[in-house]
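The values are calculated or read from the model by the stated rules, or taken from the named source; none is laboratory data. Keep in mind that what you see is a predicted model, and the values were worked out from it rather than measured. Note that we place each Cβ from the backbone using ideal geometry, even for glycine, and neighbour counts take in every protein chain shown. All accessible areas refer to the heavy atoms of the entire protein, side chains included, with ligands and DNA or RNA removed. Shrake-Rupley method; radii C 1.70, N 1.55, O 1.52, S 1.80 Å.
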Amino acid sequence: MDALVNEVAKTIPCREAIVRKLYKYYLTGDPFPPALYIYGQSSTGKASIVREVFRSTPNGFRCAHINAISCYTNKLLFESIFRQLEGVELTPANNYTYDRKLEYAKDFLAALQQLDATGSYVIVVQYADRLRAMAHNLLPLFLRLPEATGLNISVVLLSSLPFEKYYIKTGLPPIVKLFVPEYTRNEMGRILLNDYASHIARLAEQGSSPPTNDQQWLASVTQEFHRNYVNLFLGTFWKVCRDVKELRLVAAECFLPYCEPIRDGTIPASDAINLWRNITKTLKIALSTMYMRLGTQQHAGKEITAATAAQYIELPYYAKYLLIAAYLASNNATKEDKRLFVKNHGKQRKRMQTVNARAKVVERMTTKLGPKAFNIDRLLAIFYAIMDEKVGLTCNLMAQISTLVHLKLLAHASVDGGAGMLDGSVTRLKCTVGLDFIMYVGRMVGFNVRQYLSDFF
């Protein structure tokens, strides 16, 4: 067990407890559990851990890895599973086709019963929550495959939802559940520290000539120097993003400009304060374009800033207004909506107390304090208030809200947000873009955003 844990930890650190439990369920020689449900937030390493553990087995057993998004029908799902369990690969020799046709559950069970009864089999289904929208008997079938086939077979379901979301009226058999928690800040630091070799390799590739000078300044970029950079980086980005892939990508991109003053000889490697001040602008740009994959370097010969990042993202017409409405909802108090968006909101007396309260200090401005949460009903109310034309509430309009969430321009702020459901009064969102970004979007549609922000009254 320890050898497997150490082997997996080289590529996926900080998941030793999960690897030990998978070893206990599948690699001790005992019969497999009928089904195992692994759940947790996205980007916590669920699929990577399972794939790496099953790949490292010494004797091995046949394993089928299925994505429920691409296998959206019973035929695609059954044929993909059995083809992998049978060991058939799609090649030019077979014209990338599979002869066996499995359209119904009875055909799938009959095909499984033809497999070697002495073998062991595992089916891994990613995005298992998609099974709820497929045939009603599919999930109960997967949970009872050993009973239906007589094989030592197990189904591993991977999802970000708790298993309570799967319950149906007829009930489901009991299942073993395994929760994968989010990475803590210390664990994320360990993951980023493992990228030290790749960061140094990127620095060496972009080094200047002659090579002897590169070796001199690269020698000052030690592991302790990299550890200080990772701590500074997480201090800025940890509250904004917990996605491992995004953090690793941005950390690699920001490390290059962080080391540029050392290469130029303007700032020594030991002066962490001046190095931090030098990279502040780059980190602000990276924060405002966190999930957009625009990078922090030059793009088409021009430096990307928060004000110009919007031109690289194409949004539909109504989606731009929805994004503006979301920003206004995140950066205005609810009590100010009537004064800002209703034409006949009544007279408002100017008292000295009101004037002093509106004398905004920069530190107290809502646009500087960060976005606040709002519900879908308020978002749509502001959307209809700022639109000049009448728009019906259609499925396409609600789908554009989901698209903005998928693009990380909006983020879920409620506990139930992980279910992916948009409930007008329950689901709470917040806007993740900055003022410069939304002002550029407003200019694209001819809308003055500052006119509807309480900070500028």
For the subset of region 1-39 comprising residues that are over 30 Å from THR149 (Cβ atoms) and among the basic types (Lys, Arg), which member is most open to solvent (accessible area, probe 1.4 Å)? LYS10
When the residues of region 187-230 are narrowed to those that are under 18 Å from PRO261 (Cα atoms) and among the β-branched types (Val, Ile, Thr), which ends up modelled with the lowest pLDDT? THR212
For region 128-183, the count of residues that are more than 26 Å from THR28 (Cβ to Cβ) and open to solvent by 70 Å² or more (accessible area, probe 1.4 Å) equals 12
Every residue in region 161-187 that is within 13 Å of PRO140 (Cα to Cα) and in a loop (DSSP other than H, G, I, E, B), please. TYR167, ILE168, LYS169, THR170, GLY171, LEU172, PRO173, PRO174, ILE175
How many residues does region 430-443 hold that are farther than 14 Å from MET387 by Cα and assigned to a helix (DSSP H, G or I)? 8
Output the residues belonging to region 9-59 that are part of a strand (DSSP E or B) and among the β-branched types (Val, Ile, Thr). ILE38
Quick one: what pairs do we get from region 90-118, first residue surrounded by fewer than 11 Cβ atoms within 10 Å (Cβ to Cβ), second modelled with pLDDT under 85, C-beta under 6 Å, 6+ apart or different chains? TYR96/LEU90
First in region 173-202 and of a type outside the set (A, V, I, L, M, F, W, C), second anywhere and outside any loop (DSSP other than H, G, I, E, B) and at pLDDT below 90, Cβ under 6 Å, 6 or more apart: none
Please pick out the residue among GLN114, GLN84 that is outside any loop (DSSP other than H, G, I, E, B), closer than 15 Å to ILE153 by Cα and among the polar types (S, T, N, Q). GLN84
Cβ-Cβ under 9 Å pairs, at least 6 apart or on other chains, region 146-159 side at positive phi and touching a residue at least 24 places away in the same chain (Cβ under 8 Å), far side assigned to a loop (DSSP other than H, G, I, E, B) and of a type outside the set (S, T, N, Q): GLY150/ALA117
Consider ILE49 carefully, then state whether it is within 26 Å of PRO162 (Cβ to Cβ), open to solvent by less than 30 Å² (accessible area, probe 1.4 Å) and touching a residue at least 12 places away in the same chain (Cβ under 8 Å). yes
Candidates GLY370, GLY420 - the one that is at pLDDT 60 or above and either farther than 24 Å from GLY446 by Cα or surrounded by 13 or more Cβ atoms within 10 Å (Cβ to Cβ) (or both): GLY370
What are the residues in region 124-145 that are outside any helix (DSSP H, G or I) and without any contact (Cβ under 8 Å) to a residue 60 or more places away in the chain, if any? VAL125, HIS136, ASN137
Can you find a residue that is at pLDDT 65 or above, hydrophobic (A, V, I, L, M, F, W, C), in a loop (DSSP other than H, G, I, E, B) and under 31 Å from the mean Cα position of the chain (by Cα) anywhere in region 401-412? yes
If you take the residues of region 52-72 that are over 21 Å from LEU161 (Cα atoms) and within 28 Å of the chain's Cα centre (by Cα), which of them is surrounded by the fewest Cβ atoms within 10 Å (Cβ to Cβ)? ARG55
With respect to PHE437, determine if the residue is aromatic (Phe, Trp, Tyr), surrounded by 20 or more Cβ atoms within 10 Å (Cβ to Cβ) and at pLDDT 65 or above. yes
Looking at GLN353, GLN348 in this structure, which one is modelled with pLDDT under 80, over 30 Å from THR236 (Cα atoms), part of a loop (DSSP other than H, G, I, E, B) and not basic (Lys, Arg)? GLN348
